[in-house]
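Accompanying notes for the structure given below.
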Amino acid sequence: MIKKIALIGNQNCGKTTLFNALTGSSQHVGNFPGVTVEQKTGFIKKHKDELELIDLPGIYSLSPYTSEEIVSIRYLLEEKPCLIINIIDATNMERNLYLTTQLLELNIPMILVLNMMDEVIVSGNSIDIDGLKERLEMDIVPISASKNEGIEDVINAIEKNLNQSAHHIDICHGVVHKAIHSISHIVEQSAQSLHLPLRYCVTKIIEGDDDMYDKLHIDQGDRHIIEHILEKMEEEAGTDREAALVDMRYSFIEDVCQHTVFIESETKEQIRSEKIDRLLTHKYLGIPIFILIMLFIFYLTFSLIGAPLQDLMDMLIGQFSDWVIHLLETNGVAYWLRSLVGDGILAGVGSVLSFLPVIVILFFFLSMLEDSGYMARVAFVMDKALRKIGLSGRSFVPMLIGFGCSVPAIMATRTLSSDRDRKMTIILTPFMSCSAKLPIYGMIIAAFFPHKAPLVMLTIYCIGILVAIISAILLKNTIFIGEPVPFVLELPAYRIPTLKNVYLNVLDKAKDFIHKAFTIIFMASIVIWFLQSFNFTFDFVSDSSQSILAAIGSFVSPVFAPLGFNDWRASTALMTGITAKESVVSTLTVLTQSSSTVAFNQALAGIFTPLSAFTFLVFTVLYMPCVAAFAATRRELHSWIQAVLTVLFQTGMAYLVAFLIYQIGHLFI
Amino acid sequence: MTLDQMSPQTLVQIVAVNGKGLLRRRLLEMGLTPHTFVKIRKVAPMGDPIEVYLRSYVLTLRKEDASLIEVKVVEHD
Ligand SMILES: Nc1nc2c(ncn2[C@@H]2O[C@H](COP(=O)(O)OP(=O)(O)OP(=O)(O)O)[C@@H](O)[C@H]2O)c(=O)[nH]1
Ligand SMILES: [Mg+2]
């Protein structure tokens, strides 16, 4: 039988790093608090098919605040794992142990893993592991997950504790102690019959959790008694019940730490972080530096490093295509098959695949930013601005990820603590131009604005951001009236991103992209080739304007006349773009039957004027995202209707903005 | 006095945490409990939120929420 082990701890304490070390599997690691947004599972090395480890989202306490905290809590209570590995950041024992005091109440066997021990030791601080063990009465394993130190010890501790029954110390003391025990007597039986951990139930009762009152079927009489007990406790404690409970926990922790944790100074990383932040969150320089960093990343990605690599890729793909076509020709393969391979598959997949280097580079930088801890600073710096449009600094992170890909960005909204903020962020994120749209910009710029590439690029990105801001203000004052949620966020110490983490993340994204190129784009290329090579009587047509696709495209294309491009090929490209944005390029390549870049540029000049080419770009930035992003939207909103409304809104905005730009632009040109 | 009124580099001790509901509990659970020492470190470029140091870690919160926390000054820098 498979035994489940839950990995749980505060945000950013190294759960994912330990998970990777224990399972050997790859998974995304980030240094923005709360980057793990889904439960990920993997088998522990050497215990394949036996011990399954679950990497839960980071939480600070067992009181649900964000939707990912709810995920973790529900998992612990409902799935009842065999063992909890509570991982804590040893540079920050007090706050991390708070969760531990709550986990103790769950009646599940548990081991405590102290991570980041390298940082503790280097700064001359120390922790008395044996003393801690004695006081907390459980196995304690000091490790450095990112340095792979102590991983074996964790596995040994898991093996040792797996089959033991839960034995936990009682941390309660003082006036709260009396109240807890009195209430325990009242609810003991119903908790037992429901198989709920008693102490956890009592805590929830003291916190005034209505759900728990209902769950335990506490009748009116008992409610009165409980209320009386609590009022008496409040009187004696001189504070309210919630504060008294938190205070009891923290004073227990303070007592433990006083005897076991010896802090000489802040850690080296913390001191260094403060110095770095003097610049990065500086009063006047903070924002310009952020903008510079982003511009620099874009410059490296799209120009300095990305462009030559992309040219190289283009050349290799071109040579490969020529070679294949030549081979088919010399072997006397039928014309239609040659056309399928050359004009369909190779042209379609190839045009998209050439963007692999750019995407790899962009994700490399984004995951560096995440892993280093800078993302949390961005949230800190930008919070006030985002608040003006009804969001919080936390929404900024998903939006930045959105420049890479909308799918992980939409998933990252789970770190937001209010439903309202989440929904707004999900709707707005796709306006951040994702990397899959780059091929489209590349295509149009090469054909129409070859000497103004950076300017056009910047304008396009800015239009996306601007529309997001306008939409946010619009939504804030109509559908999403209300206050943005509180913003209480930890700023983790800056850490040098580990190459392994960044590498694993980039590898993941590259695999995804290649997978997409050989599945969705591959299929789409074939379908489009078919539709544009045959007419309704399934005869092969040499002139694609006679084809099925031309008929469909022509039917739709008048809709785009007010935007300046009433051409069946353009409208078809926009439709296929819904499968994946890169398809816009592959479709246009296939439809114009261009065998070379020069020919393609000429063909495009026949479809667009410079102005309508620009409005086409604007429309592609803003209109509904690809199916994968749509699916993510639906999943996160838990509603088909809302997801459909979201993409309708996005497409509506796209149409409106492109319309305005074309009509106004027309007056001047 | 409340936490939001303190200028950077001031060391304060928490007297009480006001407010209610989830926000208050979150503030308490993040370690902002009465008697805790808190050092104000900086104000964000646009004037909000603020950055504080407590229990060996760095936390950021908005002035609006910080105004719920009553403090007394321990040391002025
Ligand atoms: N110095 C040091 N850094 C570590 C150690 N373990 C992890 N880190 C770094 O800490 C940061 C956060 O690690 P993650 O594994 O993403 O933390 P997490 O708990 O999964 O975070 P969330 O999923 O965001 O809650 C990364 O930059 C890691 O490289 C360690 O033992 N020592
Ligand atoms: Mg994680």
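The values are calculated or read from the model by the stated rules, or taken from the named source; none is laboratory data. Because the structure is a prediction, the values reported are computed rather than measured. Positions of Cβ are generated from backbone atoms using ideal geometry, with glycine treated the same way; all protein chains shown enter the neighbour counts. Heads up: the accessible areas ignore ligands, DNA and RNA and are worked out on the full protein's heavy atoms, side chains in. Shrake-Rupley method; radii C 1.70, N 1.55, O 1.52, S 1.80 Å.
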Problem - Three-way shape label, segment A:372-419, alpha-carbon gyration tensor, a/c 1.5 - result: oblate
Problem - Cross-link reach list, aspartates and glutamates versus A:Lys516, counting only Cα pairs under 15 Å and skipping chain neighbours closer than eight places - result: A:Asp508, A:Glu582
Completion exercise
With a ≥ b ≥ c from the Cα gyration tensor eigenvalues, square-rooted, and the rule rounded for a/c under 1.5, otherwise prolate when a/b > b/c and oblate otherwise, segment A:537-669 is oblate
Handout entry: Largest-first ordering by accessible area, 1.4 Å probe, given options A:Thr281, A:Thr17
Key = A:Thr17, A:Thr281
Problem - Occluded residues from segment A:245-290, i.e. those whose accessible area drops by 30 Å² or more once the chain is not alone (1.4 Å probe) - result: A:Val246, A:Asp247, A:Tyr250, A:Glu266, A:Gln270, A:Glu274, A:Thr281, A:Lys283, A:Ile287
Problem - Mean projection area, nm², convex hull over Cα of segment A:467-587 - result: 13.2
Practice task
With a 1.4 Å probe and every protein chain left in place, work out the accessible area per residue of the protein assembly as shown in Å², rounded to a whole number.
Solution key: 41
Problem - Percent carbon-and-sulfur accessible area, segment A:3-161, ignoring ligands, DNA and RNA, probe 1.4 Å - result: 46
Handout entry: Inter-chain Cβ neighbour average for residues A:137-145, partner chain, 10 Å
Key = 0
Exercise for the section: Jot down the per residue volume, in cubic angstrom and as a whole number, of the convex hull over the alpha-carbon atoms of segment A:219-329. Expected result: 377
Problem - Debye log10 I(q)/I(0) at q = 0.18, 0.22, 0.28, 0.30 Å⁻¹ for segment A:174-238, Cα point scatterers - result: -0.58, -0.86, -1.34, -1.49
Handout entry: Residues of type lysines that A:Lys452 reaches as a straight line, Cα spacing below 24 Å, ignoring anything fewer than 8 places off in the same chain
Key = A:Lys437, A:Lys581
Handout entry: 222 nm mean residue ellipticity, helices alone, for chain A (DSSP H n ≥ 4; -39,500 (n - 2.57); rounded to 500)
Key = -19000 deg cm²/dmol
Exercise for the section: Shielding by partners for B:13-19, please: the mean number of other protein chain Cβ atoms within 10 Å of each residue's Cβ. Expected result: 1
Handout entry: Inter-centroid distance (Cα atoms) of segment A:550-575 relative to segment A:371-420, Å
Key = 36
Fill in the blank from the handout: Using a 1.4 Å probe on heavy atoms of the protein chains only, the accessible area for A:Glu78 in Å², nearest 10, reads 130
Problem - Contact order normalised by residue count of chain A, Cα under 8 Å, 6+ apart, percent - result: 12
Problem - the protein assembly as shown, dipole about Cα centre (Lys/Arg Cβ +1, Asp/Glu Cβ -1), debye to the nearest 20 - result: 1940
Problem - segment A:310-460: proportion of alpha-carbon pairs further apart than 27 angstrom, % - result: 43
Problem - Nearest-10 value in Å² for the accessible area of A:Tyr335, using the 1.4 Å probe - result: 140
Practice task
Evaluate the relative contact order of chain B (contact order divided by residue number), counting alpha-carbon pairs under 8 angstrom at least 6 apart; express in whole percent.
Solution key: 45
Handout entry: More than 51 Å apart - percent of Cα-Cα pairs taken over chain A
Key = 22
Handout entry: A:Arg387 - accessible surface, heavy atoms, 1.4 Å probe, Å² rounded to 10
Key = 60
Completion exercise
Chains B and A: accessible area buried, summed over both chains, 1.4 Å probe, nearest 100 Å², reads 3700
Exercise for the section: Would you mind calculating the relative contact order of segment A:3-161 from Cα pairs under 8 angstrom and at least 6 residues apart, reporting the percent as a whole number? Expected result: 24
Fill in the blank from the handout: With a ≥ b ≥ c from the Cα gyration tensor eigenvalues, square-rooted, and the rule rounded for a/c under 1.5, otherwise prolate when a/b > b/c and oblate otherwise, segment A:224-264 is prolate
Practice task
Considering only protein heavy atoms, with the full assembly of protein chains and a 1.4 angstrom probe, order B:Arg41, A:Arg634 by accessible area, largest first.
Solution key: A:Arg634, B:Arg41
Handout entry: Hull shadow area, averaged, segment B:3-75 [alpha-carbon convex hull, nm²]
Key = 4.2
Exercise for the section: Determine the order of A:His638, A:His181 by accessible area, beginning with the largest, at a probe radius of 1.4 Å. Expected result: A:His638, A:His181
Problem - Across A:Lys40/A:Lys215; A:Lys283/A:Lys423; A:Lys15/A:Lys80; A:Lys178/B:Lys39; A:Lys275/A:Lys423; A:Lys15/A:Lys204, pairs whose alpha-carbon gap is larger than 28 Å - result: A:Lys40/A:Lys215; A:Lys283/A:Lys423; A:Lys178/B:Lys39; A:Lys275/A:Lys423
Problem - Translational diffusion of segment A:3-161, µm² s⁻¹ [Kirkwood Rh, Cα pairs; Stokes-Einstein; 37 °C; 0.692 mPa s] - result: 212
Practice task
Report the antiparallel proportion of the DSSP beta bridges in chain A as a percent, rounded to a multiple of 5.
Solution key: 30
Handout entry: Beta bridges by DSSP in segment A:3-161, antiparallel share as percent, to the nearest 5
Key = 20
Fill in the blank from the handout: So the pair-distance distribution of segment A:387-493, from every Cα-Cα distance in 10 Å bins, comes to percents of 15, 40, 28, 14, 3
Practice task
Would you kindly compute the Cα radius of gyration of segment A:117-239 and its largest Cα-Cα separation (Dmax), both in Å?
Solution key: 20.1, 58
